[in-house]
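The values are calculated or read from the model by the stated rules, or taken from the named source; none is laboratory data. Just so we're clear, the structure is a prediction, and the values are computed from it rather than from any experiment. Counting neighbours? That spans all protein chains shown, and the Cβs are built from the backbone with ideal geometry, glycine included. Please note that ligands, DNA and RNA were not included when accessible areas were found on the heavy atoms of the full protein model with its side chains. Shrake-Rupley method; radii C 1.70, N 1.55, O 1.52, S 1.80 Å.
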Amino acid sequence: MERTVSGGLAYEQHGDGMPVVFLHGLTLDRTTWRPIIQRLGAGVRSIAFDLPGHGDTGGEPCTMREAATRVKSAIDSLQISDPVIVGHSISAGIASIYASSHPVRGLVNVEGSVDIRPLAGLIRGSEAILRSDRFTDAFAPFQHSMGFEHIPEPLRARELASQHIRREVVLGYWEQLFHDDPRQLQHEMESTMASIDAPCLSVFGRALSAGERTRLQQHVRGVELEEWPDRGHLVHLAEPDRFAARLRSFINRCLSGGVAPRIR
């Protein structure tokens, strides 16, 4: 089903059972999760949203906290309680903010930033050209870093065709990185992670540095950490079978800790 709910977010849902909410990365849309949703099998109610300014959701881009508030409104409209929430890239931050403030069965962060300061420095250093008519050239390194080359065909072609790179949307979601102190942003991110009281899974398409690994383990209690080297930023699409199986295993763990029956 494809509809729009409270908060103005377009969404689609598939299946019945344990609710699992999917949030996509910048310049993508809810369809990026279809290859994973299709592989989860029975016993899962999958809900994928389009973020503000993406896909079929209208309106302007917003901060991650504002996006988390709109996701909460959308989830409430669907009468969902205690979902597993899955976020990729910038939505790993949105999902973490949501999980730090609202009940969830579990949190899955896919390629979320461990240390925001290097990215903030890179974006701040490119601000002038990003805001100019040379935006396409300035965004090219960020596009390359997404690692579409790791995605097998024909999935790669479908993902590239569904991607929409709009300057006003990209700049809107990066507004905090342009103006806020990166050290303060890092502190807020670490405080958010430390306040999450739910099982957490973090999946990366690269090997983390020792410092990143330690930082993540220090601030996320009991995190389950997956590092899949050379799979890229779109790791869930580079190995959709493996990712879906790992996600299903995590969902089972979340269910076994509560009153709901275990998925079989």
*Over the range 75-210, volume per residue of the alpha carbon convex hull, in Å³*: 150 Å³
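Residues of the range 2-70: accessible area per residue at 1.4 Å, in Å²?
On the way: 2490 Å² over 69 residues.
Accessible area per residue, the range 2-70: 36 Å².
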_Using only DSSP helix segments of four residues or longer, with each worth -39500 (n - 2.57), what per-residue ellipticity at 222 nm results for the chain after dividing by its residue count and rounding to 500?_
-13000 deg cm²/dmol
_Is the C-alpha gyration tensor of the range 55-102 telling us rounded, prolate or oblate? Criteria: a/c under 1.5 is rounded; beyond that, a/b larger than b/c is prolate, otherwise oblate._
oblate
_Whole-percent carbon and sulfur share, accessible surface of the range 12-135, 1.4 Å_ = 47 percent
*Which shape class, rounded, prolate or oblate, goes with the range 40-81 when its Cα gyration tensor gives a ≥ b ≥ c as root eigenvalues, a/c under 1.5 marks rounded, and past that a/b bigger than b/c marks prolate?*
prolate
*Antiparallel bridge percentage (DSSP; both residues within the chain; nearest 5)*: 25 percent
*Among bridges DSSP assigns within the range 1-139, what percent are antiparallel (round to 5)?*
35 percent
*Mind pulling the angle between the C-alpha long axis of helix 182-194 and the longest principal axis of the chain? Nearest 10 degrees, somewhere in 0 to 90.*
0 degrees
*In the range 164-264, if every C-alpha pair distance is counted and binned at 5 Å from zero, what percent goes to each bin?*
2, 10, 14, 15, 19, 19, 12, 5, 2, 0
*For Ile36, net neighbour charge (Lys/Arg +1, Asp/Glu -1) across residues whose Cβ lies under 12 Å away*: +4
*Which of the following values of Cα Rg over 2.2 N^0.38 Å was calculated from the structure shown: [x] 0.95; [y] 1.18; [z] 1.01?*
[x]
*asked:* Please compute the modelled spin-label separation between Asp16 and Glu227, points set 7 Å along Cα→Cβ, answer in nm with one decimal.
replied: 4.3 nm
*Would you mind putting 41-54, 172-185 in packing order, based on average other-beta-carbon counts within 10 Å, highest first?*
41-54, 172-185
